[in-house]
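Undergrad: Sharing a structure with you now.
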Amino acid sequence: MRIEAISNGLGAQSMYLCWLAGQGRLPARLSISADTGSEKDCLWASGERTTLREYFDQVALPLCSEWGIEAVFVRSRDKDDHELPSIEDFHGETAPDFGIAKMPLFGSDEGRLKQSCTDKWKARAIRQEGRRRGATHMRTAQGIHYGEAARRVKGQYVGKVDGFDAYHDTAKVKDADGNSIVKTVKWLTHYYPLVDLRMNRDDVRREMERLDIPYLISTECDICPHKDAARWLRTSPETIQRAANLESRYNGTQFLTDRRRPLLIVIEEFKAEARMNPKLFDDGAFDCTDGLCGV
């Protein structure tokens, strides 16, 4: 079975892809939103704050239904078919065991922990949903915009499909000798419509406002180490405290920002610097290179 889907991070870009699909401009008929359990402090363009699930239920689900697209909200499952805990709960339970840490935390002695949270909680959830539906081939549209095209996880180039550059997914695996190699995942391909349409974040937001579609400004995990100053400054005080409590479990060896100091101290630094130069912390491209977060 062939499935055409949208990897829907529930940000403005992903929701705009759903609208394009509803207009027949993309072939997708399924929207898959991966639930990390750690997106509880999502800021809407209107100023409202809700969880990601509440935005899905209130906006994405009814609009996708109106546009003729099935929308699902799914959690990644382990080998025993149990739902994974939220990313935040996972780290609360296991810190400071760095051997199984999944977030790219910043080390006090420079360096950074390996990142596998995107694959474990997002990419895996999308793959599992495709397989559950019997997919023998699944192609997903992803919401990276033109201004952050460098974030694309390109994979192996397939060629133009339906007018868009398409890529096979790839995965790192071990060969018979234990060496790490890159393998093509033949049943999975993906593409980046907004990059090919040369639409950046502001273009998409203007379109969402013209279409009167409510959209989220914040869609990354509340505790994500890829958050820049602008994203931390629009995080609620309650969430910042929660993140600081988690960070403190690492006893000064791992941090949520590249300043490598306790989060509460860094937030006060950000506030002071923003007062001196408000434009200093304008939104930049989300720094995660795995391509599925913050869209």
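No lab work stands behind these numbers, since they all come straight from the coordinates. It should be emphasised that the depicted structure is a prediction, and the values quoted were computed from it without experimental measurement. Cβ: placed from backbone, ideal geometry, glycine included. Neighbour counts: every protein chain shown.
Undergrad: Trypsin sites (Lys or Arg not before Pro) within segment 127-176: which are DSSP loop residues with at most 16 other Cβ atoms inside 10 Å?
TA: Answer by residue number: R133, K154.
Undergrad: Here is a further query. List the GluC sites (Glu not before Pro) within segment 24-102 that fall in a DSSP loop (any state other than H, G, I, E or B) and whose Cβ has at most 13 other Cβ atoms within 10 Å.
TA: Loop-located and lightly packed - E48.
Undergrad: Then there is this: Put a dot 7 Å past each Cα toward the Cβ at V182 and D162; how far apart are the dots in nm?
TA: 2.5 nm
Undergrad: Which ordering of H82, H137 is given by a fewest-first count of other beta-carbon atoms within 10 Å?
TA: H82, H137
Undergrad: Could you work out the relative contact order of the chain? I mean the mean sequence separation of Cα pairs under 8 Å and 6+ apart, divided by the number of residues, in percent.
TA: About 25 percent, as a whole number.
Undergrad: While we're here: With all distinct Cα pairs included, what does the Kirkwood hydrodynamic radius of segment 94-202 come out to in Å, to one decimal, could you say?
TA: It is 16.2 Å.
Undergrad: I've got another one for you. Per-residue HN-Hα couplings for segment 85-95, Karplus 6.51 cos²θ - 1.76 cosθ + 1.60 at θ = phi - 60°, whole Hz, x for Gly and Pro?
TA: Running phi through 6.51 cos²θ - 1.76 cosθ + 1.60 with θ = phi - 60° gives x, 4, 4, 5, 5, 4, 6, x, 7, 9, 4 Hz.
Undergrad: Right, here's the next one. HN-Hα J couplings of segment 55-62 from phi, Karplus 6.51/-1.76/1.60, θ = phi - 60°, integer Hz, Gly and Pro as x?
TA: Karplus values, whole Hz, x for Gly and Pro: 5, 4, 5, 7, 10, 4, 4, x.
Undergrad: Take the cross-link list K79/K122; K79/K227; K120/K174 and give me the ones stretching past 20 Å between alpha-carbons.
TA: With Cα atoms farther than 20 Å apart: K79/K227.
Undergrad: With N set to the number of residues, divide the alpha-carbon radius of gyration of segment 97-161 by 2.2 N^0.38 Å and report two decimals.
TA: Segment 97-161 yields a ratio of 1.48.
Undergrad: Moving on to the next point. Want the number for R261 to A150: 0.36 nm per residue separation, take away the alpha-carbon distance, what's left?
TA: Working it through step by step, the gained length comes to 37.1 nm.
Undergrad: Still on this structure: Can you bin segment 193-295 into rounded, prolate or oblate? Criterion: square roots of the alpha carbon gyration tensor eigenvalues sorted a ≥ b ≥ c, rounded for a/c under 1.5, prolate for a/b above b/c, oblate for the rest.
TA: prolate
Undergrad: Kindly write out, for segment 149-161 in residue order, the coupling ³J(HN,Hα) from the Karplus curve 6.51 cos²θ - 1.76 cosθ + 1.60 (θ = phi - 60°), rounded to whole Hz, with x marking Gly and Pro.
TA: 4, 5, 7, 4, 8, 5, x, 9, 5, 9, x, 6, 10
Undergrad: Now for a different question. Considering only the other residues whose Cβ falls under 13 Å of the Cβ of F90, what net charge follows from Lys and Arg at +1 and Asp and Glu at -1?
TA: Value of the local net charge: -2.
Undergrad: Could you work out the local net charge near C42, counting Lys and Arg as +1, Asp and Glu as -1, over the other residues with Cβ closer than 10 Å to its Cβ?
TA: Summing Lys/Arg as +1 and Asp/Glu as -1 gives -3.
Undergrad: Report the convex hull volume per residue for the chain, counting only C-alpha atoms, in Å³.
TA: Per-residue hull volume (Cα only) is 143 Å³.
Undergrad: Here's another thing I want to ask about it. May I ask you to list the residues of segment 16-38 whose amide nitrogen lies under 11 Å from a point 7 Å from Cα along the Cα→beta-carbon direction of E4?
TA: 21-30, by backbone N distance to the label point.
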